[in-house]
């Protein structure tokens, strides 16, 4: 059994005669290490999202409030280890999946772009439903839109070109952030302009405070319709944050596409030295950068542009890339070790039905916190939320194992694939496969 798990976690099997007709990836073709990574990323994403599930997102944009020591410790822990590291890891895996799908389409000899556009279109529908009727912190819509830009890199021949473009997107993001901060700080050096800038920030902070009270009332005690209306209001504000995330997501898409084009996960043993360097270098850069960023954000907050906030965002961005790559490298290397591969195999079904589990987290958490559920909105601290995230994720592991032992896809994956290929997919596993 151990050797079989090891093979599943480290090898990708490519059929000798690829099918000529587009179809979902067969079980034996899956790269199980990717499923482990997706499962791992889902836990990190939940630890970050838990605060947004349980509190108004406007809290992020208002000056930091005093917290008990345990909530303060949990906040710094999430900032240092999770925030900005797992949506980047998930973005990297999205780009890696793009490269694998492109490679398989070329091996099959069939068209890639029409099928991929259908994938993105269905994903966008999922994302919009998720954002407007379940939870505002949706990432699927952004992935679907930016995934269309990935098609511009379909014809790139040299994988290094993908890294160059990744660097361009990331540098442009940093230059834009520092340029905007510099403009504001220059304006504040002129007394007349400083008065106007401070007044505009005060008005903005007052608006955030008003919206926070509206959110507390809607999510805490409103009807489902009240919550839906508030979600729509919040989405108009949070969409600006999504635009700011876009260059970072594209950066990770392209890094993932580079890894896929290089085939680094197809032969990990041949690239073990590279993964070790990425692991050590990623943590050596990422951990200090993230700790400093966490301390700066805790002191300055995110509401007012300043050099301290710009430096914190830069360090969080740098740490997000390097630490997410370190996480990936660590998981990949551990999957080469028989004792670890057996334990990590428990995460593979969670990642295999990653879309279902992502939506499951949103549905369960909104039912816990929103008024049409248990109504615990704004009543659970950061430390308790972190413990709740661990409990929810621990519950998802056995549920995913039970489900994937009986079915080929998660429920959301089944619907997604059925819509993509415009025919219902076979859901149940055969008795022999089970």
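Run residue 243 past the list (1) over 24 Å from residue 119 (Cα atoms); (2) free of Cβ contacts under 8 Å to residues at least 24 places away in the same chain and report the number of the one that doesn't hold. Result: residue 243 passes all but (1). Of 294, 312, all but one fail to be buried (at least 17 other Cβ atoms within 10 Å of the Cβ), in contact with a helix residue (DSSP H, G or I) (Cβ under 6 Å, 6 or more places away or on another chain), free of Cβ contacts under 8 Å to residues at least 60 places away in the same chain and within 21 Å of residue 78 (Cα to Cα); the exception is 312.
Collect the residues in the range 263-285 that are part of a helix (DSSP H, G or I), surrounded by 17 or more Cβ atoms within 10 Å (Cβ to Cβ) and modelled with pLDDT under 95, keeping them in residue-number order. Give the steps one after another, and end with the answer.
So in the range 263-285, the residues part of a helix (DSSP H, G or I) come out as 269-285.
Narrowing the set further to residues that are surrounded by 17 or more Cβ atoms within 10 Å (Cβ to Cβ) leaves 271, 275, 278-279, 282-283, 285.
Selection gives 271 alone.
Taken over the range 188-211, the criterion of being touching a residue at least 24 places away in the same chain (Cβ under 8 Å) and over 16 Å from residue 305 (Cβ atoms) is satisfied by 209, 211. If you go through the range 104-123 and keep only what is exposed (fewer than 15 other Cβ atoms within 10 Å of the Cβ) and farther than 19 Å from residue 419 by Cα, you end up with 106, 107, 109.
Kindly evaluate residue 92 against the criterion of being within 16 Å of the chain's Cα centre (by Cα) and either over 30 Å from residue 230 (Cα atoms) or surrounded by fewer than 22 Cβ atoms within 10 Å (Cβ to Cβ) (or both).
Numbers: within 16 Å of the chain's Cα centre (by Cα): yes; either over 30 Å from residue 230 (Cα atoms) or surrounded by fewer than 22 Cβ atoms within 10 Å (Cβ to Cβ) (or both): yes.
Taking the combined requirement at face value, the residue satisfies it.
Could you look through the range 354-379, keep only residues that are closer than 27 Å to residue 416 by Cα, out of contact with any helix residue (DSSP H, G or I) (no Cβ under 6 Å at 6 or more places or on another chain) and touching a residue at least 60 places away in the same chain (Cβ under 8 Å), and pick out the one that is surrounded by the most Cβ atoms within 10 Å (Cβ to Cβ)? That would be 358. Only one of (1) within 22 Å of residue 102 (Cβ to Cβ); (2) surrounded by fewer than 14 Cβ atoms within 10 Å (Cβ to Cβ) is not met by residue 142, so which one is it? Only one criterion is unmet by residue 142, namely (2).
With respect to residue 235, is the statement that it is modelled with pLDDT of 90 or more and either in a helix (DSSP H, G or I) or under 30 Å from residue 315 (Cα atoms) (or both) true?
Working: modelled with pLDDT of 90 or more: yes; either in a helix (DSSP H, G or I) or under 30 Å from residue 315 (Cα atoms) (or both): yes.
Taking the combined requirement at face value, the residue satisfies it.
Condition first: buried (at least 20 other Cβ atoms within 10 Å of the Cβ) and either more than 16 Å from residue 352 (Cα to Cα) or at pLDDT below 95 (or both). Now tell me which residues in the range 381-404 satisfy that.
382, 385, 386, 388, 389
Residue 173 meets the conditions (1) without any contact (Cβ under 8 Å) to a residue 60 or more places away in the chain; (2) under 18 Å from residue 243 (Cβ atoms) in every case but one. The failed one is (1).
The values are calculated or read from the model by the stated rules, or taken from the named source; none is laboratory data. Please read these numbers as outputs of a predicted model, since none were measured by experiment. Backbone-built Cβ (ideal geometry, glycine too); neighbour counts: all protein chains shown.
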